[in-house]
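First the structure, in the form of structure tokens, and then the observations on it.
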Amino acid sequence: MPSDESSPLSRYAALDALRALALVWMTLYHFGFDLNHFGYWHQDFYRDPLWTVQRTLILSLFLLCAGLGQAIAEARKVSWRRLGRRWAQIAACALLVTAGSLVMFPRSFIYFGVLHGMALMWLLARVTLGLGNWLWLAGGLALLLPSAASWLLSGPLAFAADAFDSRWLNWLGLVTRKPVTEDYVPLFPWMGVFWWGVASGQWLLLHRPTWLARPLASGGARALASLGRHSLLYYMLHQPVMIAALMLAGWVARA
């Protein structure tokens, strides 16, 4: 997942290490998913709480880290130009994910997954940084909004349900049914987690600035921080590498 700090010299190693923990957890999750996809292991990744809860926790950790990074970028007065270049990389990778998923999952391809959502959330977070403590309230409301919308669209506003459930609007997350897609990270409720990450970062930088800036003592933690600095590249490569390895293993087993 993308990081927000401006340069290697100004990075917060603790945040990089935290992001890397999410990357490692995500890799294990995706490896299990791939084993299931190729028939080596049978699990229900779509309904079993063992996997659905893990997905929620992994995604929440990524978005919290992204929000923390936005707070750091604000404190360091990182320019829109620098952030714009990073945003363009995320948006381009989101399009690549869509293209790749069309090949593997033509009926459930990813059209608004984590990178698509991240690109939109970055922009919204950037223009709301000045809300300060109000971000806590905004985040809470964002988390509750889909449940309220589902109730309204199943009752008083039922006439609008089809529009909000369509691919044109379901990226908002105000739906009555989850769309058929391999990865779905709509704006709501996930913007709430992102906003809470920003609010947490602003609070830490103001009241506990050493918590994120402290050096990492162990070699393992420093290795994690190094991985966390290249989160977007890792995210884009880990699945193609694992899928290729499993396909090769299957070919060797059949040879």
Contacts under 6 angstrom Cβ, first residue in region 179-197 being farther than 9 Å from Leu63 by Cα, partner outside any helix (DSSP H, G or I) and among the β-branched types (Val, Ile, Thr), 6 or more apart: Thr181/Ile110; Glu182/Ile110; Asp183/Ile110
Count of region 31-54 residues which are surrounded by fewer than 16 Cβ atoms within 10 Å (Cβ to Cβ) and closer than 18 Å to Val185 by Cα: 5
Single residue of region 56-82 satisfying the filter (surrounded by fewer than 21 Cβ atoms within 10 Å (Cβ to Cβ) and small (Gly, Ala, Ser)) that is nearest to Trp25 (Cα to Cα): Ser60
Test: residue in region 179-187 that is at pLDDT 95 or above and in contact with a Cys (Cβ under 9 Å, 6 or more places away or on another chain): no
Every pair of residues 6+ apart whose Cβ atoms lie under 6 Å, when the first sits in region 219-248 and is within 14 Å of Ala14 (Cβ to Cβ) while the second is basic (Lys, Arg): Gly228/Arg19
Failed item in (1) at pLDDT 95 or above; (2) in a helix (DSSP H, G or I); (3) surrounded by 15 or more Cβ atoms within 10 Å (Cβ to Cβ), with Val175 passing the rest: (2)
Output for region 98-124, where each listed residue is in contact (Cβ under 8 Å) with a residue 12 or more places away in the chain, hydrophobic (A, V, I, L, M, F, W, C) and touching a Phe, Trp or Tyr at 6+ places or on another chain (Cβ under 9 Å): Ile110, Phe112, Val114, Leu115, Met118, Ala119, Leu120, Met121, Trp122, Leu123, Leu124
Output for region 83-99, where each listed residue is modelled with pLDDT under 95 and either loosely packed, with under 14 Cβ neighbours inside 10 Å or under 21 Å from Phe33 (Cα atoms) (or both): Gly84, Arg85
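The values are calculated or read from the model by the stated rules, or taken from the named source; none is laboratory data. Quick caveat: nothing in here was measured; it's all calculated off a predicted structure. So basically every Cβ, Gly included, is an ideal-geometry build from the backbone, and we count neighbours across all protein chains shown.
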